[in-house]
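Written out below as structure tokens is the structure these notes cover.
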Amino acid sequence: MKKLLIFIPCFLFSQTDAQEVQAAPADKMNIIKTNVTAYAFRNINLSYERAITQWFSLNIGFGTMTQGKVPFINSFLKEEDEKRFENLKVRATNFTIEPRFYIGKGYGKGFYFAPYYRYSDVSSNSFDFYYDYDAIDGNTYQIPLKGQGSTSGNSGGLMVGVQFFLTRSQNLVLDFWIAGAHYGSGKGDFTMTSSYTLTPEMQAQLKKEIENLDLPFVDYTVETNANGAKVKVDGPWAGFRSGLSIGYRF
């Protein structure tokens with residue numbers, strides 16, 4: 001994948017001189033696209049771009065990640081912690097509004113800067129979680145819980161990219177998202193319910209275990225009671241965008 005991402009921009013930029021002799025026609029102001037690299041992460045997506053002027057356009061996108069394992073979960077959870085979420089699955093949706101400012105040929109062609117707003121929503125299945133309770137009798141007991149919840153975030157960011165028209169008719173479009181990043185805030189709740197009645201000592205250890213997961217880019221607080229725990233997400237929400245889209249211009 002890394003080699004592919006390095007090759008793609010090199011190939012695209014080598015074609016720029018050959019395409020510069022063709023001015024971008026202004027009679028085709030609409031582009032429908034899909035980010036093909038996102039499908040590797042179960043993300044089904046579609047975007048629509050409308051040229052407003054030669055140098056300005058508006059791109060609106062929607063994506064949904066079908067339910068499945070959390071991508072790259074082993075990159076932010078220790079192996080022993082990952083095993084506790086063995087059957088955890090998530091689904092996600094996002095909606096993006098992205099004004100684009102072109103500095104190339106225009107009408108959707110060339111390099112662009114794109115400030116954007118993104119709404120994201122993530123929800124989980126009913127998953128199993130457990131923790132080891134060290135009892136005062138010296139024994140360790142595995143306490144199972146059932147978890148479920150969702151969280152959503154609003155964020156703003158900036159992306160830099162370049163878009164090409166590949167055919168003589170300039171109908172086929174290649175949109176390379178070089179890099180983009182966004183930051184905002186998110187809120188949500190996850191509940192974990194135990195079939196056991198938890199004593200104060202069991203609750204204290206459960207709270208400590210969840211807090212020690214130390215999930216990146218997420219601020220959360222943990223409340224426990226005799227029935228289990230409630231995890232409240234309320235804090236920063238960050239993300240990164242990069243990819244390659246193929247589209248049709250009309």
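The values are calculated or read from the model by the stated rules, or taken from the named source; none is laboratory data. As the structure is a prediction and not an experimental result, all values here were calculated from the model. With ideal geometry, Cβ positions are generated from the backbone for all residues, glycine too; neighbour counts draw on all protein chains shown. We work out accessible area using only protein heavy atoms, side chains counted, and drop any ligands, DNA or RNA first. Shrake-Rupley method; radii C 1.70, N 1.55, O 1.52, S 1.80 Å.
Mean sequence separation of contacting Cα pairs (under 8 Å, at least six apart), scaled by the length of the range 193-250, corresponds to a relative contact order of 33 percent. Taking label points 7 Å from Cα along the Cα-to-Cβ direction, Ser150 and Asn212 give a separation of 3.3 nm. Give, in nm to one decimal, the length gained when the segment between Asp189 and Ala204 is fully stretched (0.36 nm per residue of separation minus the Cα-Cα distance). In short, 3.5 nm is gained. Derived scalar couplings between HN and Hα for the range 174-182 equal 10, 10, 9, 7, 5, 6, x, 9, 9 Hz in order, rounded to whole Hz, by the Karplus curve 6.51 cos²θ - 1.76 cosθ + 1.60 (θ = phi - 60°), x for Gly and Pro. Rounded to the nearest 20, the Cβ-based charge dipole of the range 127-222 about its Cα centre (Lys and Arg +1, Asp and Glu -1) stands at 640 debye.
Expressed in nm to one decimal, what extension gain is obtained for the pair Ala135 and Leu46 from 0.36 nm per residue of sequence separation less their Cα-Cα distance? Extra length from Ala135 to Leu46 when fully extended: 26.7 nm. Taking every DSSP helix (H) stretch of at least 4 residues in the chain, weighting each as -39,500 (n - 2.57) and dividing the sum by the residue count yields a mean residue ellipticity at 222 nm of -4000 deg cm²/dmol.
Here the range 167-236 was treated as a single set of alpha-carbon atoms; its pair distances binned every 10 Å from 0 give 16, 33, 18, 11, 10, 7, 4, 0 percent.
All C-alpha to C-alpha distances of the range 62-125, sorted into 10 Å bins beginning at zero, yield P(r) values of 18, 29, 24, 19, 9, 1 percent in whole numbers.
Counting only heavy atoms of the protein chains and using a 1.4 Å probe, Ser152 has close to 40 Å² of accessible surface. Coupling constants for the range 80-87 follow from the phi torsions by the Karplus curve (6.51 cos²θ - 1.76 cosθ + 1.60, θ = phi - 60°), and in residue order they are 5, 6, 4, 5, 5, 10, 4, 9 Hz; glycine and proline get x.
About its Cα centre, the chain has a charge dipole of approximately 1340 debye under the convention of +1 per Lys or Arg Cβ and -1 per Asp or Glu Cβ, with nothing else charged.
Within the range 68-211, the proportion of Cα pairs with more than 27 Å between them is 47 percent.
Converting the Cα gyration tensor eigenvalues of the chain into ellipsoid dimensions via √(5λ) gives semi-axes, longest first, of 47, 17, 14 Å.
If all Cα-Cα distances of the range 112-176 are sorted into 5 Å bins from 0 onward, what percent lands in each bin, rounded to whole numbers? Values per bin, smallest distances first: 4, 11, 10, 9, 9, 10, 9, 9, 8, 7, 5, 4, 3, 2, 1, 0.
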